[in-house]
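Following: one structure in structure tokens, then a few remarks.
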Amino acid sequence: MQLDWLKPLADLEGPFACATLDASNLDPTSRSHRLASWGSARRELERAGADEATLAVLEDALTGDANGVGERTHVVCASNGNLVLDIGLEGRPRREGASFGPVPRLMDVVRGLDGRETYAVVKLDREGADIEVIDPTGALVAATDVTGEHDELRKVAAGGASQRRFQARAEDSWRHNATQVAAELDRLVRRVRPGVVFLEGEEHTTSYLVEQAPGDLADRIVRLDTGGRAAGTSAAAEATARDRELARLRAGRDALLVERFGDATGAGAAVEGWDAVQAALGKAQIAQVLLHPDVWDRDHPAEGPGADHDLDALLWSLAAVGAELSLVAQPFEAADGIGAILRWGDPSTPSA
């Protein structure tokens with residue numbers, strides 16, 4: 001995971017007050033729950049020493065009207081009376097809470113974003129397409145619809161040569177409309193750079209679009225058999241299919257990353273174990289850190305492998321040097337459940 005979003009915070013002076021609350025908007029009681037949760041978090045921050053100006057900006061951010069409906073997590077951080085982070089995530093938080101100290105507690109944000117990426121959803125039919133782009137937090141960041149200029153869309157059972165002529169004209173219209181959709185989608189992909197493009201619709205129309213897609217777009221397309229614009233299409237089935245494909249893509253990326261880490265270890269371009277990683281961090285050698293699931297995916301941060309080490313401080317240090325963090329979902333071999341691929345090495349670099 002790129003930590004560019006965290007880099008501006010690394011340049012700020014603390015201390016930082018952070019709060020993670022359940023911001024789900026499900027029924028009329030949701031707002032009262034949110035206010036009660038903030039009240040508890042505020043008292044916790046007051047006891048820890050947070051100043052009134054910082055508490056005020058957190059309160060403004062957390063107690064406003066909820067955006068949208070469904071299960072959501074709201075994470076905010078403030079420092080010296082200024083709001084420095086305000087982010088919403090899909091799904092409920094693992095735990096609600098607050099913290100005040102020199103390092104913002106943001107590993108829960110990273111866990112919430114992990115495995116997610118910006119993706120596009122294209123619902124295609126013979127006339128055109130509806131296109132949406134969703135960012136890793138689940139927010140809609142772009143939307144457009146494309147209507148083709150060709151309207152000879154239906155094959156007509158006219159019989160004989162006339163039927164073949166009507167069929168050819170209809171298929172030609174489908175292709176032209178798919179070409180227009182592909183062109184608009186290519187422009188969107190170049191601008192927003194989604195990691196994957198989910199394509200929904202009947203086989204003929206999706207095939208036409210794939211045929212017309214430039215290479216960079218074609219490489220991102222994943223077809224889903226979920227109906228597209230067709231009446232009666234299940235939103236739940238669409239979400240399940242997308243989640244399944246995102247999990248499959250993540251598993252593939254994890255496998256490649258673990259293989260890369262193994263190759264780097266063999267070449268002396270990686271380290272493992274907390275002490276070696278911290279030493280490499282101190283020299284800004286690290287390009288990417290890999291965390292074992294037993295380290296990052298535990299429900300209680302103070303228990304299990306790596307419990308004596310501060311994941312939030314690790315995250316802060318990685319952001320400061322422009323390194324990446326990967327929460328690997330599959331088990332892999334590394335001392336203390338942590339490994340790092342290096343940008344460079346020298347004689348003082350410990351062997352992995």
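Miscellaneous remarks
- Take the Cβ atoms of residue 335 and residue 94, set R0 to 30 Å, and the FRET efficiency comes out at 0.70.
- With every protein chain in place, region 1-141: carbon and sulfur % of accessible area (1.4 Å): 47
- Rh by Kirkwood over Cα pairs, then Stokes-Einstein D for region 1-149 at 1.002 mPa s and 20 °C, µm²/s: 128
- Compared with the direct C-alpha span, the chain from residue 248 to residue 86 gains 55.3 nm at full extension, assuming 0.36 nm per residue.
- Dimensions of region 103-143 along the principal axes, based on C-alpha atoms and rounded to the nearest Å, stand at 53, 16, 8, largest first.
- Average accessible surface for region 73-121: 37 Å² per residue, computed with a 1.4 Å probe over protein heavy atoms with every protein chain in place.
- Cut-off 12 Å between beta-carbons: net charge of the residues surrounding residue 54, Lys and Arg +1, Asp and Glu -1: -4
- Given a 1.4 Å probe and the protein chains as shown, residue 233 ends up with an accessible area of around 40 Å².
The values are calculated or read from the model by the stated rules, or taken from the named source; none is laboratory data. These numbers come from a predicted model, not from an experiment. Note that we place each Cβ from the backbone using ideal geometry, even for glycine, and neighbour counts take in every protein chain shown. Side chains are part of the model used for accessible areas, which takes the heavy atoms of the whole protein and leaves out ligands, DNA and RNA. Shrake-Rupley method; radii C 1.70, N 1.55, O 1.52, S 1.80 Å.
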